[in-house]
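Undergrad: Encoded as structure tokens, here's the structure I'll be asking about.
The values are calculated or read from the model by the stated rules, or taken from the named source; none is laboratory data. Because the structure is a prediction, the values reported are computed rather than measured. All Cβ positions, even for glycine, are placed from backbone atoms using ideal geometry, and neighbour counts span all protein chains on display. Please note that ligands, DNA and RNA were not included when accessible areas were found on the heavy atoms of the full protein model with its side chains. Shrake-Rupley method; radii C 1.70, N 1.55, O 1.52, S 1.80 Å.
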Amino acid sequence: MDTFIYNAAPGRVIFASGALERVGDEIERLGCKRALILSTPFQKPDAERLAEHLGNLGAGVFAEAAMHTPVDVTKRAMAAFEAAGADCVVALGGGSTIGLGKAIAWRNDTPQLVVSTTYAGSEVTDILGQTEGGRKTTLRDPKIRPEVVIYDPNLTLGLPVAMSVASGLNAMAHAVEGLYAPDANPVTSLMAVEGLRALQSALPIIVRMPEDIDARAEALYGAWLCGIVLGSVAMSLHHKLCHTLGGGFDLPHAETHAILLPHTAAYNETAARERLAPAAALFGGDLGGGLHDFAAGMGAPLSLKHLGLKAEEIERAAEMATQNPYANPREVTRDGILELLTHAHSGKRPTAS
Ligand code: NAD
């Protein structure tokens, strides 16, 4: 067995249908008295209902969370936090809202409670990506990891099918990269494989029956495990490419992950065959091709063209993605990435090389 270092991350997780009811108890358990509720504009009605339900424990609602955590939004949220006399935040939503809560906590170390409503996994990581002046930067700090996470599958029943599929594939990408991470360990690898299994089982059911609560619970459970992997070990080619395309070409987060995953898995499959074997076994032995078929079968977007990336932008993307070296099972070359992106642009079924 390889040697390894295992760091267990702190954090309290409550997983139950109806767990939203427990937010008040958890605020008090943190020793707090006034929570600022955060959401996107779209989920503002849900945030307002929660604030009303919390009564005196609610300090108000700030519903301006946006993708990639713009710093100007964070500044307004900090002002709202101060003005409301808040002593903690409750982030109700997906990665965008959770990012805003993390950005506040990174600045003032306020306790964070997250009610996670997508499968992105941000709620269990110490990673914060922020954008300012069109540039996205990422940082890690123990202060960033939320203290309490509530998973209530009921809140995911209304997550649209297309978003559920893309978000679920986003979670699966954390697990695939976690398996070949340079600092992988037996615990994160167990979680990665179980996370992949749960999402592989649940997502096709959600496509057919979006209100199947058992499938919703299984997907959320899988997303939690994949999120822990993301927060525990280093990510490689796949996440770097998604970061480049999201930050540099303004492509949507979850869909970009969903489209690239089969291609990045195929790129690394031969170089990391042994580590990827348990994942490949779930997808018929050919991980890249199997993931492509899995995504296609659920009607997921398959081509970067579909997201609006122009053919003439591929070269610049490959250039940007190969500027800074990082650990990856297979050498990251400009030609290799150019070919990968060309296939992902057209939606071609990948083959391991
Ligand atoms: P999102 O949070 O942007 O949500 C997309 C839309 O879906 C929003 O309008 C949101 O309000 C809505 N929504 C969320 N849950 C819903 C539900 N249950 N029902 C109906 N609508 C719902 O999407 P996301 O993919 O979860 O997050 C993407 C962001 O998260 C990106 O900025 C990404 O960089 C970040 N992220 C960060 C990490 C990390 O560890 N730092 C990890 C993953 C993602």
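Undergrad: Whose amide H sits under 5 Å from the amide H of Arg12, counting only residues 5 or more places off or on another chain, with H placed in the peptide plane?
TA: So Arg12 has HN proximity to Val148, Val149.
Undergrad: Among all helices in the chain defined by DSSP H, which have a length of 24 Å or more along the axis from Cα atoms plus a Kyte-Doolittle mean of at least -1.0?
TA: Passing helices, by number: 161-179, 186-208, 213-232.
Undergrad: Take the alpha-carbon centre of the stretch 24-51, take the same for the stretch 122-136, and report the distance between them in whole Å.
TA: One Cα centre to the other: 22 Å.
Undergrad: Would you pull out the residues with amide H under 5 Å of Ala91's amide H, same chain only if 5 or more places away, H placed 1.01 Å from N?
TA: Sorted by chain and number, the residues that satisfy this are Leu38, Leu113, Val114, Val115.
Undergrad: So which cysteines in the chain don't have a second cysteine's C-beta under 4.7 Å from them?
TA: Taking the Cβ cut-off of 4.7 Å, the unpaired cysteines of the chain are Cys226, Cys242.
Undergrad: Another question, if that's okay. Loop-only GluC sites (Glu not before Pro) in the stretch 164-257, please: DSSP not H, G, I, E or B, and at most 16 other Cβ atoms within 10 Å.
TA: Filter output for the stretch 164-257: Glu211.
Undergrad: Under a straight-distance cross-link criterion of Cα-Cα below 18 Å, which aspartates and glutamates are reachable from Lys44, leaving out those fewer than 8 residues away in the same chain?
TA: In chain and number order, the partners are Glu21, Glu52, Glu64, Asp152.
Undergrad: Okay, moving on. With every protein chain kept in place and ligands, DNA and RNA left out, what is the accessible area per residue of the stretch 161-346? Probe 1.4 Å, answer in Å².
TA: That works out to 37 Å² for each residue.
Undergrad: Which of Glu312, Glu147, Glu123 ends up with the largest GNM mean-square fluctuation for the chain, with Cα atoms connected below 10 Å?
TA: The residue that fluctuates most here is Glu312.
Undergrad: Over the chain, with a Gaussian network built from C-alpha contacts below 10 Å, which listed residue (Asp72, Asp126, Asp212) shows the highest mean-square fluctuation?
TA: Asp72
Undergrad: Between Ala59 and residues 5 or more places away or on another chain, which pairs have amide H atoms under 5 Å apart, with H built 1.01 Å from N, and which residues are they?
TA: Amide H neighbours of Ala59, under 5 Å, 5+ apart: Ala35, Leu36, Ile37.
Undergrad: When the Karplus curve 6.51 cos²θ - 1.76 cosθ + 1.60 is applied with θ = phi - 60°, which whole-Hz ³J(HN,Hα) does each residue of the stretch 137-144 get, with x for Gly and Pro?
TA: Computed from phi, the couplings for the stretch 137-144 are 10, 10, 9, 10, 6, x, 4, 6 Hz.
Undergrad: For a bin width of 10 Å, list the pair-distance distribution of the chain built from all Cα-Cα distances, rounded to whole %.
TA: 6, 26, 34, 24, 9, 1
Undergrad: Using Cα centres only, tell me the gap between the stretch 293-331 and the stretch 195-234 in whole Å.
TA: A separation of 23 Å, based on Cα centres.
Undergrad: Stretched out fully, how many nm does the piece from Val71 to Ala281 gain, at 0.36 nm a residue minus the Cα gap?
TA: 71.3 nm
Undergrad: Applying the Karplus parametrisation 6.51 cos²θ - 1.76 cosθ + 1.60 with θ = phi - 60° to the phi angles of the stretch 7-22, what ³J(HN,Hα) value in whole Hz is obtained for each residue in order, glycine and proline being reported as x?
TA: Result, rounded to whole Hz: 10, 7, 8, x, x, 10, 10, 10, 10, 6, 5, x, 5, 4, 4, 8.
Undergrad: Could you compute the net charge surrounding Ser116? Neighbours are other residues with a C-beta less than 12 Å from the C-beta of Ser116; K and R count +1, D and E count -1.
TA: Local charge sum for Ser116: -2.
Undergrad: Calculate what fraction, in whole %, of the accessible area of the chain sits on carbon and sulfur atoms when a 1.4 Å probe is rolled over the protein chains.
TA: Of all accessible area on the chain, carbon and sulfur atoms account for 53 percent.
Undergrad: Expressed as a whole number of Å, what is the distance separating the alpha-carbon centroids of the stretch 84-114 and the stretch 153-186?
TA: 22
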